[in-house]
1. Taking strands (runs of 3 or more DSSP E) that fall entirely within the stretch 382-497, which contain at least 1 residues that are touching a Ser or Thr at 6+ places or on another chain (Cβ under 7 Å)?
2. Sort out which residues of the stretch 177-205 are of a type outside the set (D, E, K, R) and not in a loop (DSSP other than H, G, I, E, B), and write them in order of number.
3. Have a look at 340, 332, 302 and point out the one that is β-branched (Val, Ile, Thr) and surrounded by 20 or more Cβ atoms within 10 Å (Cβ to Cβ).
4. Going by the conditions given, is residue 197 more than 8 Å from the ligand (Cβ to nearest atom), at positive phi, modelled with pLDDT of 95 or more and out of contact with any helix residue (DSSP H, G or I) (no Cβ under 6 Å at 6 or more places or on another chain)?
5. Could you name every one of the strands (runs of 3 or more DSSP E) located completely within the stretch 97-172 that has at least 1 residues being buried (at least 24 other Cβ atoms within 10 Å of the Cβ), out of contact with any Lys or Arg (no Cβ under 8 Å at 6 or more places or on another chain) and not basic (Lys, Arg)?
6. List the pairs whose first member sits in the stretch 418-431 and is among the hydroxyl-bearing types (Ser, Thr, Tyr), whose second member is assigned to a helix (DSSP H, G or I), and whose Cβ atoms are under 9 Å apart, counting only residues at least 6 apart or on separate chains?
7. Those residues that are of a type in the set (Asp, Glu) and more than 18 Å from residue 470 (Cα to Cα), I need them from the stretch 214-251; list them, please.
8. Considering only residues of the stretch 389-399 that are touching a residue at least 60 places away in the same chain (Cβ under 8 Å) and over 23 Å from residue 339 (Cα atoms), which is farthest from the ligand (Cβ to nearest atom)?
Amino acid sequence: MELITHWIGGKPYDRRSDRHGDVFNPATGDVQAKVSFATPAIVDEAVSSATTAAQTWRTTSLARRSKILFAFRELVDRHKTEIAALLTREHGKVPGDALGEVQRGLEVIEFACGIPDLVKGEFSENVSTDVDVYSIRQPLGVVAGITPFNFPAMVPMWMYPIAIACGNTFILKPSERDPSASVFCARLFKEAGLPDGVLNVVHGDKVAVDRILEHPGISAVSFVGSTPIAKYIYETGTRAGKRVQALGGAKNHMIVLPDADMELAADAATSAGYGSAGERCMAISVVVCVGDAADKLVPRVVERVKKLRVGPGSDPSSEMGPLITKEHHAKVASYVEHGVAEGAKLAVDGRGFRAAGHEKGFFLGPCLFDHVTPEMTIYKDEIFGPVLGVVRVASYDEAIALVNHGPYANGVAIFTNDGGAARTFQQEVEVGMVGINVPIPVPVSYYSFGGWKASLFGDLHIYGKDGVQFYTRTKVITSRWPDPHHRGVDLGFPQMK
Ligand code: NAD
């Protein structure tokens, strides 16, 4: 059976590892590979390799760094269908969705290609007579990224291209459920000319993560995953003196006002609710219908959901693939039971779905609940599966209060044709990423991605300009070149003259 191993110092790690995990093919339910789990000693080897590489990488010219990033961009673009195929094999998402993920990751690499412009400092001439002040942005050193299973290529690409472009060296700990894409891309980066040790990949679980968090040689940690782990990473990492950004879970609402284009809203709710089997941190999981919107919207969504083609990525007609593991499948299915028991109306029941020829796969058909209320577990918890709930409210005020009272604040959308209502909403809503007639408002690479409240622990969002800030620190230099008329001792606090 294939063994997926770490990538340290520009090559596969070839020594034995005592700890391993199973990598499943979620469409067949079979274990298709084993993945090595790093021990603290293996993480230390990666840090040591990254530390050595950092000595020369931080002084490598911006021109050279940018050239390597351009070459990497070309290679990822050339191999994108292969990367997408790895995602389908290990994650289960259908090929079109997988390709879309790689494309959004590519956009961040393209942003990082512009690093010479992004790290420019500031300069003020003659702040005092003959004194100039300027700021420069310097890398932090060795930084790490810990990523979730649901975007095995894109989320790491939110991190390492920018961190590396800024002059840092990087240790990536991808999800142990779908680890292959990270190693594949590390290999491509080497082929693009990246020196050995600048990007290292260590696989594993909590053991590897905990060593990353406590290792004194690592200056900063970017994390994307569920809220309880994000909180743990933030608290543990900052206690160890590191800079940390930790993005957590979500429960995203889509508000539909009665004047919305109901065909558009129904398409959007279906696409954003069930795309990637609902395993997206920006998935819509609650549709909040105002006034009589539900009576118009729900039948349209039901019609669309019933037509969704669920199946393996190997079948070109599949629109929605399986869930990531058997355990996750059981958890999502148990939420459907809860919803029924709590009194929500199950308008579409996907529990009985079986994919022909793939009976052992982790498939769950799409489920749609109507008449969900805020006290129900299916409303409160992040389900992370193909389960969409509709909440009916009387007014816009009730809808926005619902959104603003939620513990998560990753994404939100409003569907309306009333510009004034949309503008009021944009101003009042307490959520980090807002869509107006756009259901999944993932910002383009030159803005930054991040939620509020329990969806982000830390100060800076990920990628874009916030990413550059996160992976650099500013130094301010005050300079005067010797001139005889500057002589003379002065014990007073420096003042501008
Ligand atoms: P997860 O939190 O279980 O795992 C994320 C990473 O943390 C993995 O690399 C995993 O190995 C590691 N990890 C897991 N348990 C750990 C522990 N006890 N101690 C230390 N490390 C641990 O998340 P997941 O199931 O892989 O991904 C799904 C979650 O990620 C969802 O909650 C989703 O909303 C969230 N997510 C958020 C964003 C965002 O941008 N906010 C993006 C994608 C996914």
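The values are calculated or read from the model by the stated rules, or taken from the named source; none is laboratory data. All of these numbers come straight from a predicted model, not from anything done at the bench. Note that we place each Cβ from the backbone using ideal geometry, even for glycine, and neighbour counts take in every protein chain shown.
1. On the way: elements: 387-393, 411-415, 433-436, 472-479.
Counting at least 1 such residues, we get 387-393, 472-479.
2. Going residue by residue through the stretch 177-205, those that are of a type outside the set (D, E, K, R) are 179-186, 188-189, 192-195, 197-204.
Listed by number, the residues that qualify are 180, 181, 182, 183, 184, 185, 186, 188, 189, 199, 200, 201.
3. Working: 340 fails: surrounded by 20 or more Cβ atoms within 10 Å (Cβ to Cβ); 302 fails: surrounded by 20 or more Cβ atoms within 10 Å (Cβ to Cβ).
Result of the check over 340, 332, 302: 332.
4. The answer is no for residue 197.
5. Working: elements: 123-128, 131-139, 142-146.
By residue number, 142-146.
6. So the pair list comes out as 424/396; 424/400.
7. Let us first name the residues in the stretch 214-251 that are of a type in the set (Asp, Glu), namely 214, 235.
Hit for the stretch 214-251 is 214, nothing else.
8. The initial filter retains those residues of the stretch 389-399 that are touching a residue at least 60 places away in the same chain (Cβ under 8 Å), namely 389-396, 398-399.
Remaining after also requiring over 23 Å from residue 339 (Cα atoms): 395-396.
Values: 395: 29, 396: 27 Å.
Going through the qualifying residues, I end up with 395.
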